[in-house]
Amino acid sequence: MQPYILVLYFSRNGATALLAKEIARGIQQVAGIDVRVRTVPSVSPDHEASLPAVPDSGAIYCSKEDLRDCAGLILGSPTRFGNMAAPLKHFLDTTSDLWLSGSLVNKPAAAFTSTGSLHGGQESTLLSMMMPLLHHGMILCGIPYTEPALSSTRSGGTPYGVSHFAAHGAPLQLTEDEITLSRALGRRVADLARTLSTQHD
């Protein structure tokens, strides 16, 4: 099986999902690395509620095997009070077995997010997603300033990872800089995964 990067995200209104698609396009530009795009189900405060049905279209729900066997991980969530959304946190909270086995140690990882306001917690959300990845022993990477779009962007984009500014009432679309940075992050993680896998061989 060809090594793959797992793009794992939660999206409420579609902006984070758009970032995931562009990141996946960046990964696909790297030879020898595949991509899997996965999401997680919503959680309910009603503990009697059953899990939501598997969606008929779009990304399918992530399995523990998808995460365990990936060559790299790019994690995405909209911001919730400067933190990742509960559904993604809930999924990560179930990965203690992967932590105990060291399944993700020395694999590259990155993060992406979307906020409804320009200063609505993009960087703190990205950092909150990195904490469990550090506990898993993953190698974190962001976006270097050698990417010109990081300096020219007037919307999303941080050195900590890809971001999107989803202005209230604005059309659901990414800016050219956000697209450029998304693809750059996908390529970077894929390149790192390919390099690391070659060293282990």
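For the reader, a short list of remarks on this structure follows.
- Test: Q2 is modelled with pLDDT of 90 or more and either surrounded by fewer than 13 Cβ atoms within 10 Å (Cβ to Cβ) or among the aromatic types (F, W, Y) (or both): yes
- Filter pass, G157 being modelled with pLDDT under 95, out of contact with any Gly (no Cβ under 9 Å at 6 or more places or on another chain) and closer than 25 Å to R36 by Cβ: yes
- Matching residues in the stretch 138-151 - criterion: being open to solvent by 50 Å² or more (accessible area, probe 1.4 Å) and touching a residue at least 24 places away in the same chain (Cβ under 8 Å): I139, L140
- Residue selected from the stretch 43-83 under the condition modelled with pLDDT of 95 or more and among the aliphatic types (A, V, I, L, M), by the criterion farthest from the chain's Cα centre (by Cα): A71
- Extreme residue, most open to solvent (accessible area, probe 1.4 Å), among residues of the stretch 5-37 that are among the basic types (K, R) and under 28 Å from H168 (Cβ atoms): R12
- Checked against (1) in contact with a Ser or Thr (Cβ under 8 Å, 6 or more places away or on another chain); (2) in a helix (DSSP H, G or I); (3) of a type in the set (D, E), D191 passes all but a single condition, namely (1).
- Selection within the stretch 106-120: residues that are open to solvent by 20 Å² or more (accessible area, probe 1.4 Å) and in contact with a strand residue (DSSP E or B) (Cβ under 9 Å, 6 or more places away or on another chain). The member of this set that is nearest to L92 (Cα to Cα) is K107.
- Only one entry in R188, R154 is in contact (Cβ under 8 Å) with a residue 40 or more places away in the chain and open to solvent by 80 Å² or more (accessible area, probe 1.4 Å), namely R188.
- Within the stretch 78-99, residues that are closer than 16 Å to P41 by Cα and open to solvent by 70 Å² or more (accessible area, probe 1.4 Å) reach partners that are assigned to a loop (DSSP other than H, G, I, E, B) and of a type in the set (A, V, I, L, M) with beta carbons closer than 7 Å, at six or more positions or on different chains, in the pairs H90/V43.
- Qualifying residue in the stretch 125-135 (condition: open to solvent by 20 Å² or more (accessible area, probe 1.4 Å), in contact (Cβ under 8 Å) with a residue 60 or more places away in the chain and within 17 Å of A20 (Cβ to Cβ)): no
- Some residue of the stretch 161-183 being under 18 Å from H119 (Cβ atoms) and basic (K, R): no
- Selection count, the stretch 157-175, where residues are crowded, with 18+ Cβ neighbours inside 10 Å, β-branched (V, I, T) and part of a loop (DSSP other than H, G, I, E, B): 0
- Applying the criterion of at least 1 residues that are touching a Gly at 6+ places or on another chain (Cβ under 6 Å) to the helices (runs of 4 or more DSSP H) found wholly in the stretch 60-151 leaves 122-135.
The values are calculated or read from the model by the stated rules, or taken from the named source; none is laboratory data. Fair warning: this is a prediction, and the values are worked out from it, not measured in the lab. When we count neighbours, we look across all protein chains shown, and the Cβ atoms used for this are built from the backbone with ideal geometry, even at glycine. Heavy atoms of the whole protein, side chains included, go into the accessibility calculation; ligands, DNA and RNA do not. Shrake-Rupley method; radii C 1.70, N 1.55, O 1.52, S 1.80 Å.
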